[in-house]
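Asks: The structure is given below, and queries will be raised subsequently.
Read the figures in this text as sums done on the coordinates, not as results from a lab. As the structure is a computational prediction, the values presented were derived from the model and not from experiment. Heads up, the Cβs are rebuilt from the backbone with ideal geometry, glycines too, and the neighbour counts pull from every protein chain shown.
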Amino acid sequence: MKLKSLLLIVLAVILYQHGIAQNTFNPQKALLTTIQKNLADADAQYKRMAGLLAPDQFPKAFHPKEGKMETSNSSWWCSGFYPGTLLKLYEQTHDKALLTEANRKLAVLAKEQYNTHTHDLGFMMYCSFGNANRLNPKSEYKQILLNSAKSLSTRFSPITGSIRSWDSKPTDFLVIIDNMMNLELLFWANKETGDPNYYKIAVTHANNTIKNHYRPDYSSYHVVNYDPKTGAVKEKKTAQGYSNESAWARGQVWGLYGFTVMYRQTQDKRYLNQANNIAKFILKHPHLPQDKIPYWDFNAPNIPRALRDASSGAIMASALLELCRYTSKTDGQFYFNTAQTILQSLSSPRYKSAPGTNGGFLLQHSVGNFPAGTEIDVPLTYADYYFVEAMTRYKAFATK
């Protein structure tokens, strides 16, 4: 017994040193019941959505006032979320109709593995084929993911130490905070092939994001423009936030999620510290509403009448339900409780669609690009994807 106790102590020390908190979280039975209903509703909603789409179409948003579905082709940055959500729902409900629809869209999406004109191959291919390969590993899926990682790597510049986000004029090299979400694909490729270049690119990009995207209070700029010839920072600004110095809500949670993944993949405490500091900026911000669903920008001028962004809430909940496992007991419980509140809020009629409505989307009230006047107060595919992911992560705590 003494030997067993000693081994448990040694294991606890090792886990602590690797940042894995010895926290125990107790999910609420009522919320677990609600989540099961949400997933059943989602199954029906997404079968409804499938009936509204042509074979080569991917959903972008639904406009309730016009009763109109907005769609894209496979090259749009959100194309992977629809099949990804279908696969996550299939994992929960085992409804083969969802798997059939997911496979139908994966066949259309596959050609994007060679797309070198976007940084969003993580969103497009890892959220889709990554989930497909996780549920049913196939050499075909692995090759598509490897080709996608190769395509993404072509956008890396050793001069700027970053992956180019948006193609623009030759004198600019634009990098957005969203790009942190595409690095997980590179880590997967590194583990699959043993090629250290994938790992190096991801870490170098993340390090320069910490250096150049973040302010002293751990809020993030949306866009950093580098000089492609020297690597010098030319300007820091926003495209989808209220102003250059404001904290665009979805940008903050992209960073939170991205640096949590960075810690998981590297065990480098620098990334855990970054994720914790971003979390505290968000969660202790005086403009974070009581229901924890952010306004579209933390500095929007018309708070508290500013629009909420359910997508930011969903992404935040999913990130916090991972981060809470890695950090201190006090912080971990704080993160878990906040994610729980977000899930309760998103499950309420204020944010969750009534069955049979909203074009089949799960959530209402997200904001895409407010300054451009696009996707304003509508459902969005990534809001649904991260809501389903957050719910499944919450459910997992009940099995521990």
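Asks: Taking neighbour Cβ counts within 10 Å as the exposure measure, how do D217, D309, D120 sort from fewest upward?
Replies: By the 10 Å Cβ count, ascending: D217, D120, D309.
Asks: Please give the calculated 222 nm ellipticity per residue for the chain, where each DSSP H segment of at least 4 residues contributes -39500 (n - 2.57) and the sum is spread over every residue; nearest 500 deg cm²/dmol? Don't skip to the answer; put the middle values down first.
Replies: Details: 13 runs with 196 residues, N = 400.
So the calculated ellipticity at 222 nm is -16000 deg cm²/dmol.
Asks: Taking only Cα atoms and a 10 Å spring cutoff, compute GNM fluctuations for the chain and point out the largest among A319, A132, A44.
Replies: A44
Asks: What list of ³J(HN,Hα) values in whole Hz, one per residue of the range 71-88 in order, does the Karplus curve 6.51 cos²θ - 1.76 cosθ + 1.60 (θ = phi - 60°) give from phi, with Gly and Pro shown as x?
Replies: Running phi through 6.51 cos²θ - 1.76 cosθ + 1.60 with θ = phi - 60° gives 10, 9, 8, 6, 7, 5, 5, 8, 4, x, 6, 5, x, x, 5, 4, 5, 5 Hz.
Asks: What full-extension length gain, to one decimal in nm, is calculated for N337 and A30 as 0.36 nm per residue of separation minus the Cα-Cα distance? Please list the in-between numbers first.
Replies: Values: separation 307, 0.36 × 307 = 110.52 nm, distance 1.44 nm.
Extra length from N337 to A30 when fully extended: 109.1 nm.
Asks: Around F173, which amide H atoms from residues at least 5 apart in sequence, or from another chain, sit under 5 Å from its own amide H, with H modelled in the peptide plane?
Replies: Residues meeting the criterion, in which the H sits 1.01 Å from N, are Y226.
Asks: Something else: Under unit Cβ charges (Lys, Arg +1; Asp, Glu -1), what dipole magnitude, rounded to 20 debye, does the chain have relative to its Cα centre?
Replies: 940 debye
Asks: Under 14 Å from a point 7 Å along the Cα-to-Cβ line of R270: which residues of the range 149-166 have their amide N that close?
Replies: From the range 149-166, the list is 161-162.
Asks: Moving on to the next point. With the dipole of the range 158-257 worked out from charges on the C-beta (+1 for Lys and Arg, -1 for Asp and Glu) around the Cα centre, which of G161, N190, G255 lies farthest toward the positive end?
Replies: Checking the options against the dipole of the range 158-257, the answer is G161.
Asks: Sticking with this structure for a sec: Among E235, E322, what is the fewest-to-most ranking by other Cβ atoms within 10 Å?
Replies: E235, E322
Asks: For the range 50-63, just list the computed ³J(HN,Hα) in residue order, Karplus coefficients 6.51, -1.76 and 1.60, θ = phi - 60°, integers in Hz, with x standing in for Gly and Pro.
Replies: 3J(HN,Hα) across the range 50-63, in whole Hz: 4, x, 9, 10, 6, x, 9, 9, 10, x, 10, 7, 10, 9.
Asks: From the phi of every residue in the range 147-155, what ³J(HN,Hα) in whole Hz does the Karplus formula 6.51 cos²θ - 1.76 cosθ + 1.60 yield, where θ is phi - 60° and glycine or proline is x?
Replies: Karplus values, whole Hz, x for Gly and Pro: 5, 5, 5, 4, 4, 4, 5, 5, 8.
Asks: Given (i) 62, 59, 51; (ii) 73, 54, 47; (iii) 68, 54, 44 as candidate values of Cα extents along the principal axes in Å, which corresponds to the one derived from the coordinates?
Replies: (i)
Asks: Non-local amide H neighbours of S72 (under 5 Å, H modeled in plane, Pro and chain starts lacking H): which ones?
Replies: The answer is F58, K60.
Asks: Could you give the length gained on full extension between K37 and K96, defined as 0.36 nm per residue of separation minus the Cα-Cα distance, in nm?
Replies: So the extension gain works out to 19.4 nm.
Asks: Using per-residue counts of other Cβ atoms within 10 Å, averaged over each peptide, order 341-353, 377-389, 278-290 from highest down.
Replies: 377-389, 341-353, 278-290
Asks: Would you mind getting me the FRET efficiency between D227 and N302? Use the beta-carbon distance for r and R0 = 30 Å, nearest 0.05.
Replies: Once rounded, the FRET efficiency stands at 0.25.
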